[in-house]
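See below for the structure under consideration.
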Amino acid sequence: MTATSQVFKIETLSLHGWTDDPSYLGFGCVESDARWCSEAEALAACDELAEAWGYPRSSLRVVPA
């Protein structure tokens, strides 16, 4: 039996609810910018977005893709 790796995605809170649309992360962002190989990497990316780009941390979340 082989282990299955799980991918995580960053979702952004919009006026219409949570979305995984990468354009909400910034101009030019594509789907791969919102997908991460581990939950820890995705959470670190959320923290970086919040610190470096001024996103409210509460408007970003990590969920399984």
* Select one label from (1) 7.9; (2) 5.1; (3) 4.7: the one whose number is mean projected area of the Cα convex hull in nm² as derived from the coordinates shown. => (3)
* To do: Starting at the first residue of region 53-63, write each ³J(HN,Hα) from the Karplus equation 6.51 cos²θ - 1.76 cosθ + 1.60 with θ = phi - 60°, in whole Hz, x for Gly and Pro.
  => 10, x, 5, x, 4, 5, 9, 10, 8, 10, 9
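Please sort by residue number the chymotrypsin sites (Phe, Trp or Tyr not before Pro) in region 19-65 whose DSSP state is loop and whose Cβ has at most 15 other Cβ atoms within 10 Å.
PHE27
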* Asked: Which whole-number percentage describes the relative contact order of the chain, with Cα contacts under 8 Å and a sequence gap of 6 or more?
  -> 44
* Asked: Working out 0.36 nm times the residue gap between ALA44 and LYS9, then minus their Cα-Cα distance, what length gain in nm do you get to one decimal?
  -> 11.4 nm
* Arrange CYS37, CYS46 by Cβ neighbour counts within 10 Å, fewest through most, would you? => CYS37, CYS46
* To do: Place +1 on the Cβ of every Lys and Arg and -1 on the Cβ of every Asp and Glu in region 8-64, take the dipole about the Cα centre, and give the residue among CYS46, LEU60, TRP18 whose Cα lies farthest towards its positive end.
  => TRP18
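What is the order of GLU39, GLU51, fewest Cβ neighbours within 10 Å to most?
Taking fewest neighbouring Cβ atoms as first place, the list is GLU51, GLU39.
Every read-out reported here was derived from the displayed coordinates using simple, explicitly stated rules and does not represent laboratory data. Small disclaimer: the values here were computed from a predicted structure and weren't measured. Counting neighbours? That spans all protein chains shown, and the Cβs are built from the backbone with ideal geometry, glycine included.
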